[in-house]
Structure formats: C-alpha cells, structure tokens
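One structure below.
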Amino acid sequence: MRLLATFVALLLTIGLALADTPKRKVIIDDEGFALMHLMLLEAPDVDVLGITTVSGNTWANRATAMALRGLEIAHRTDVPVVQGATYPLLNSESLTDRWEALYGKLTWKGAWMKQWVEPTQQTTPPYFGPDDSVNLPEGNPTTRARDEIAANFLIRMVRQYPGEVTIIAAGPLTNLALAQRLDPAFASLAKELVYMGGSLNPRQALDNRAAADFAREFVNTPRREFNIRFDPEAASIVARSPWKAITVVPVDPSTGTQRRRSLLDRMAKSASPDLARFIAAMEPGFPLWDEIAAGVWLDPTLVTDQQTLYVDYNSQFGPGYGDMLSWFAPYRPGLGEQPATVIRMIDAARLETLMVRLMAHSVKK
C-alpha cells in the first residue's frame, strides 16, 4: 500500500508540474492557412497568440480571409487574425515584369502569377488584384480580422511578453521588417525567429513528376526562393536585425518531403470531422516547406543536419536580386549579418508522424 501511495503521489506531482508548465507562445506570420497552421494550433503545449497575414502567394486580403475561415473550421476563433502588408517594401509586379525582361522568367511569382512558363502538374491559381473581392472555395468567413496593423500587433505582443514570443514566418518578411523599422527593439524583445525562406543548393530527392517540377526552379538559380524574392529588402532588414536566435528553413530539406495523398488521408483520418474535410480537399504534390518550419520548432529532434551561417539577402536590382547570401563566421562582411541555425536536412518520416499525431488532438477538444 505504501508503494502504491508513493506511486500515486508521484503521478500527481508530475501531473501538477505539467499543468503548471507555461505554453510556448507563438505568432504565425504567413500568406494563407494550411497544414502548418493546424500543426501549431493543435499542439497542446503551444499558445498561438495570433496570425498576421501578408501578401505573397496571394494578396493580404485573401490571406486574411483564408486565415479567418481556417480558424472557423478548426474551431479556434479565439485566435486573432491581423492583416499586414499588401505590398512589398520596394518590389512590385511592374518591377518584376521589367526584371524578367532583363534576366529571364521566374518559375513562381505568387500574387503576380498568371501562368506557368512550362507545363506543370500543379494547377495554375486564379489571378486577382490586391483589392478584388474574395470568395473562398470553402466558403467565406463570418468572423472579422482585428482592427489593427500586423506590424503594430507584432510589436505589441513582444512588448507584452518580452523574451517569450516565437515568431514563425512562412511567407515574405514584410511585416517583420516594418515592425523592426517602427520599433528598433522589436527583434531583441522576441524570444526567437523561425522562418521558411531562402535556398542554398536544393536538388531533386524524390522520383515523381511533382518533385521534378519543383526541382527545376533551382537547377540554374540555386540561391533564389520565392518568399525572399517577393520582398528582398524586407528579408535583408530582418536577417540583420538583433534577434536572440534565428532558425532558417531553406528549400533544401523540403526536397525529401511531399504532401502526398496518402499523408493527407492519414491526417484526415486522425482529425475531427470538420478538419478532416478541410485536409482531404487539399491539393497533393507540394513539398512540406512550411510544415518543416513548424515541425522543427515543435520537435527539434527532427533535424538530422544543420549548420550555423551568417545570412543576408541580395537587395540589389540585378540578376541576383533576392538571392540568399551566406558565410561562415570568418568570411562574413560584418554589415550586421546575424548568426542563424540553417536546417539542411530532416527526418521526413518522423515529420509526417508528428503531423498525423497532432491532428488527432483536434478530436479530443
């Protein structure tokens, strides 16, 4: 009996300790709503303080509607959505057209995309203007975004919780650059920055049509990646800001991953009915770019190869505009570049297992 009582007391102590453990605070900065958002929303030890939206793959107004509707489907309307920058700091659709006339066609242009240069397995998204009305396939949201600017929200949160807020950015870095310019203490007040962007030397790792389509973007331009190329000036500002810690998830580790139909089916099977329908409707074939960023933050043991590099981005309007620049410490130019943990490779199978397990949490709520 004494042994049993001791065991019960130990379980109670562990339970109380877990209950008292504060949740990890995070803000998601992105241009839409998909599996990465669901992973963070369903993680039981994470407190999503808000979602800030930005133009990138689509315009900010559409990204905001997608985030609001996604939160409704996930039954998480307690999470605020704050709309951010509609336009990059300097780059524009007209400048991108001029750049292409000088230096060649871009594979992906996000909100400025009208057609693929070559036949591509992925569907071509419809083209919209920045102020066009939004009608989502899954239905428009009934909730509204906060009446605040994303950069101001980001500043307010890191000042309210100094040293506690992780920012996970999976789109262009415009909002973060604006916040840093508005408040020079912004980056230093955050706990850390994790972002998906940049590329070093990604090469095709999976043998299928979708993987081949995505890989061709980097064969001749291995340092160019869309999130950064959409707003290179913002990326350079953010890369040189005084964060306590930076984790960069470039394209490189994503080449060994894919949003396969079988993965979507496994996630849908584990999820609540509303989320299951949402997940099942997603188009397969994309690499798990943003999901890697969320995954390595939730479980750093997923990383199988990483290195410390000093990182910046080319903001000169020339053939290398938006390219990732990186140095080992002795070779850095010393213009404010910050050391960053750059993820080179992850365990893709374990990432998928984590994604499926997190969706099961939606059933328990």
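One table, with the values for the structure above:
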{"read-out": "Probe 1.4 Å, accessible area per residue of segment 148-188, Å²", "value": "34 Å²"}
{"read-out": "Listed residues Ala170, Ala185, Ala151, most fluctuating in the chain (Gaussian network, C-alpha, under 10 Å)", "value": "Ala185"}
{"read-out": "Accessible-area composition of segment 28-131, carbon plus sulfur, in percent [1.4 Å probe]", "value": "51 percent"}
{"read-out": "Computed magnitude of the charge dipole of the chain (debye, nearest 20; Cβ of K, R +1, Cβ of D, E -1)", "value": "580 debye"}
{"read-out": "Exposure of Val363 as accessible area (Å², to 10), given a probe of 1.4 Å and all protein chains", "value": "90 Å²"}
{"read-out": "Net charge over other residues, Cβ less than 11 angstrom from the Cβ of Arg350 (K, R count +1; D, E count -1)", "value": "-2"}
{"read-out": "Neighbourhood net charge (12 Å Cβ-Cβ; Lys/Arg +1, Asp/Glu -1) for Asp305", "value": "-1"}
{"read-out": "The chain - percent relative contact order, Cα under 8 Å, separation 6 or more", "value": "17 percent"}
{"read-out": "Listed residues Ile51, Ile73 arranged by accessible area, highest first, probe 1.4 Å", "value": "Ile73, Ile51"}
{"read-out": "Kyte-Doolittle at least -0.5, axis length at least 24 Å by Cα - qualifying DSSP helices, the chain", "value": "2-20, 348-364"}
{"read-out": "Debye, to nearest 20: dipole size of segment 35-116, +1 on Lys, Arg Cβ, -1 on Asp, Glu Cβ", "value": "440 debye"}
{"read-out": "Surface accessible to a 1.4 Å probe, Arg266 within the full protein complex, Å²", "value": "100 Å²"}
{"read-out": "Accessible surface of segment 262-365 [probe 1.4 Å, protein heavy atoms]: carbon and sulfur percent", "value": "56 percent"}
{"read-out": "Rounded accessible area per residue of segment 230-304, 1.4 Å, Å²", "value": "33 Å²"}
{"read-out": "Gyration tensor (alpha-carbon) shape descriptor, segment 251-365, a/c threshold 1.5", "value": "prolate"}
{"read-out": "Nearest-10 value in Å² for the accessible area of Glu164, using the 1.4 Å probe", "value": "80 Å²"}
{"read-out": "Within a Gaussian network of the chain (alpha carbon springs, distance under 10 Å), most fluctuating of Leu35, Leu102, Leu325", "value": "Leu102"}
{"read-out": "Solvent-accessible ranking of Trp289, Trp59, largest area first, probe 1.4 Å", "value": "Trp289, Trp59"}
{"read-out": "Cα centroid separation, segment 111-163 to segment 343-365 (Å)", "value": "24 Å"}
{"read-out": "Lys/Arg +1, Asp/Glu -1 at C-beta; the chain dipole; positive extreme among Ile155, Phe230, Ala349", "value": "Ala349"}
{"read-out": "Which of Gly318, Leu288, Pro273, positive extreme of dipole for segment 238-357 (C-beta unit charges)", "value": "Pro273"}
{"read-out": "Solvent-accessible surface ranking, highest first, for Trp99, Trp327 at 1.4 angstrom", "value": "Trp327, Trp99"}
{"read-out": "Net charge dipole size for segment 241-365 [Lys, Arg +1 and Asp, Glu -1 on Cβ; Debye, nearest 20]", "value": "560 debye"}
{"read-out": "Positive-end extreme of charge dipole, segment 178-262 - chosen from Tyr195, Leu182, Pro242 (charges on Cβ)", "value": "Tyr195"}
{"read-out": "Residue with peak Gaussian network fluctuation, the chain [Cα springs, cutoff 10 Å], from Ser188, Ser315, Ser236", "value": "Ser188"}
{"read-out": "Residue list for segment 201-229, given a label point 7 angstrom along the Cα-to-Cβ vector of Glu118 and an amide N cut-off under 15 Å", "value": "203-205, 208-222"}
{"read-out": "Net charge of Cβ neighbours under 15 Å - reference Ser241; Lys, Arg +1; Asp, Glu -1", "value": "-3"}
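The values are calculated or read from the model by the stated rules, or taken from the named source; none is laboratory data. Quick caveat, the model's predicted, so the values are computed rather than measured. Methodologically, a virtual Cβ is constructed for each residue, glycine included, from the backbone with ideal geometry; neighbour enumeration extends over all protein chains shown. Accessible surface is based on the protein model in full, side chains and every heavy atom, while ligands, DNA and RNA are left aside. Shrake-Rupley method; radii C 1.70, N 1.55, O 1.52, S 1.80 Å.
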